[in-house]
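Report on the structure given below.
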Amino acid sequence: MKTFYLTTPIYYVNARPHLGHAYTTIVADAIARYKRLGGHRVALVTGTDEHGQKIERAALEAGVEPQKFVDTISAEFRSQWERLGLEYTHFERTTSAHHRKAVEKIFQAVQASGHIYKGHYRGRYCFHDEAFVTDTGEEAECPLCGRPTELVEEENYFFRLSAFEQPLLDYYQKHPAFIRPETRRNEVISFVKEGLRDLSISREKLKWGIPMPGVEGQVFYVWFDALTSYLSGVGYGHPGTGEEKFADCWPADLHLVGKEILRFHAVYWPAFLMAAKLPLPKAIFAHGWLIFEQDKMSKSKGNIVSADPLVDAVGIDGLRYYLMRNIVFGQDSTFSYAGLVQRFNSDLANDLGNLASRTLAMIGRYFKGSIPDPGPEAVQESREAAIIEAAGKTITEFQSKFDNFEFSRGLELVWRFISNLNKYLVETEPWVLAGKEDEASKARLATVLYTSAEALRITAVLLYPIIPTAMQKLWAQLGFPEPLENMRYANLAWGQLPLAQKTGQAEVIFPRLDKEKTIARLSAGTAIGKAVGTAAGKATDTATRTAAEPASKPQKGISMPPDATDFITIDDFSKVDLRAGEIKSAERIEGATRLLKLTVDIGAEVRQVLAGIAEHYQPEDLVGMKVVVVANLKPRKMRGLESQGMVVAASVGEEGKPVLVTFNQDVPNGSKLS
RNA sequence: GGCGGGGUAGCUCAGGGGUCAGAGCGAGGGUCUCAUAAUCCCUAGGCCGUGGGUUCGAUUCCCACCCCCGCUACCA
């Protein structure tokens, strides 16, 4: 059988590893373990994407060579995975020598098939975001930052993406499971149907990249370089043994990506591969984002959640379980400390942990810690038959859910089984049986505790991919000397718990957490970036969206009170020219749901100001209202209209409902606030 | 604007033309005592977004509307 090969994205090193990165990688690790128990050899490649202008610049600002800069951050990713106990077979770096060979090789293959040509790239460019801006008119502003863009032109090499429109559509059609979830697949198809433009794959002005072979002064542009890591990670372009490994692994069985980079994986990547005459990956799964509780954590303040404090609070398995169980894989999910702690207590501590604890305690007490003999079938009752049947069903259905990426559903099934067992113990009352002297009761007691222990054994095997450490502990407590990871689902069936096996040392596997205290502790110490200053710390500031990045939107809501390092001086404050103004007119803007166009009299002049308050204010209610205007804010165009300032409003609640600031007595228009 | 997804109990969601619309969590009450003050049992009376239509009957089908979200290309 071919090795099951899956990948995480290779993470861009302009941001330190955070919970979003950890999420993707944890899922990948869980799938890898699951596949191993399913009898597959598994290759899991993760890594870091280390080229590009952002990196070049961040290194410059940090005062180090780019290579040194990326070495530092890349190492942080590896140490993060180590702290999380994540196992991968290869960590690819795009600055490695063999990756460079792989990029050259695939480029030559694509070139040989005639899909590369030299052309001129002409477009508007935002220097701040280092982004090319398309589909905009003259003097367009950057959609990301609002700053003006400049027209640039350079000679580039292009990939003839347009030639792959139909082949891609055909491929999607023939392989319905290629892009998942379904809704993402629809998006990709509709994107491709609108027509594909050729893609420039090289850059002239960029220095920090892989040089294009045979061409002076051009380096590969991001995706041609980055995506190829999926090939170089399993030996593509490596001389010697690489060939063999590549043949065993490629095509990849699964690329796990965040939804924000799906298009590159579902359109560009297959097109590159088709052009290079390489087989296409079997599946690409785009997961959603973790949306952080906005009043507790705020990206704008730079305190993106790191996985480390979460692990300190609930353990690696607690975090893994939460992410796999609480999130419907593929969908966005709100992340909250309360949810994390609650899941831990109710599912892991109360249900599973307690079941293990009570079962093993009774076996210890009533049978001197040796697995009792359930006796002949005659002494068993319909209750046991029901448990046995439920176990069988759980084993098969759990796998069918997991095979279909429905992790939360699969776990739900296991917990239904666990719940059955807790109920079973209450109904059979082994502690009562233990107090009786007759033979029938003794036999019954043995049956009940065997049943419970055997059910735990099966549960441990099923749950190993999700909560490996805890299940290995349970495994040892059940008395098994060999590692749990050697088990195979194919052999998993009722009745394999060896009789008279001595159980191990009893120990609580999931100690219940004090909810209030844990949440308080988490709220106090989850920020990264500030406290952990290194030469590379600057990278956080330029963080852009990466896989599973939290909070894609500008943060609203109540942010944390500033700590001492956030103080500004009075001079800083006085840079902001705040003026009292009177709203003279207000009207809706066609096609805009949130924006209102206001004219505000600020004394010396009347300004046109656009405000995103249409959802909460009626235009007619605003006229005549005194408001506070930021008068020296750089004008910016929105919806084709220029906004010459902003009105100040409180941002209330999770939705950030705006409440305009006004005065409690009349003030002349133009009064300066200080 | 176009395309796609969605609006169901406090929360996260499932369901699907017809017995009282479901689950988990949370909350309230009760129970046992083997166990991690855990388990187990009972309780929640939710206009199933709004308005029409089809039908003996719609939350489930159709139409319109409102609201939310995603995609609509070269930051990664």
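The values are calculated or read from the model by the stated rules, or taken from the named source; none is laboratory data. Note that the coordinates shown come from a computational prediction; the quantities given were computed from them, not determined experimentally. Calculation scope for accessible area: heavy atoms of the full protein, side chains included, ligands and nucleic acids excluded. Shrake-Rupley method; radii C 1.70, N 1.55, O 1.52, S 1.80 Å.
Overview of values
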quantity	calculated
Rounded to the nearest 10 Å², the accessible area of A:Ser671 at probe 1.4 Å	40
A:Lys54, A:Lys393, reordered so the largest accessible area comes first (probe 1.4 Å)	A:Lys393, A:Lys54
Integer Hz, Karplus 6.51/-1.76/1.60 couplings in order for the stretch A:428-439, x for Gly and Pro	8, 6, x, 5, 6, 4, 5, x, 9, 9, 5, 4
Residues with amide H under 5 Å from that of A:Tyr11, placed H, sequence gap 5 or more	A:Gly47, A:Thr48, A:Asp49
Mean shadow area of the stretch A:201-298 over all directions, Cα convex hull, nm²	9.0
Long-range Cα-Cα pairs in the stretch A:334-491 (distance over 23 Å), rounded percent	40
Accessible area of A:Tyr171 in the full protein assembly, 1.4 Å probe (Å², nearest 10)	50
Rounded to 5, the percent of DSSP beta bridges in the stretch A:4-296 classed as antiparallel	50
Cα-based Rg / Dmax (Å) for the stretch A:4-296	19.0, 59
Convex hull (Cα only) mean projected area of the stretch A:1-104, reported in nm² to one decimal	7.3
Linear extension gain, A:Lys282 paired with A:Ala97, 0.36 nm per residue minus alpha-carbon span	63.9 nm
Accessible area in the full protein assembly, largest first, 1.4 Å probe, for A:Arg263, A:Arg343	A:Arg263, A:Arg343
Segment A:Gln166-A:Tyr117, length gained on full extension (0.36 nm per residue, minus Cα span)	15.6 nm
Residue order for A:Leu596, A:Leu433 - accessible surface, 1.4 angstrom probe, largest first	A:Leu433, A:Leu596
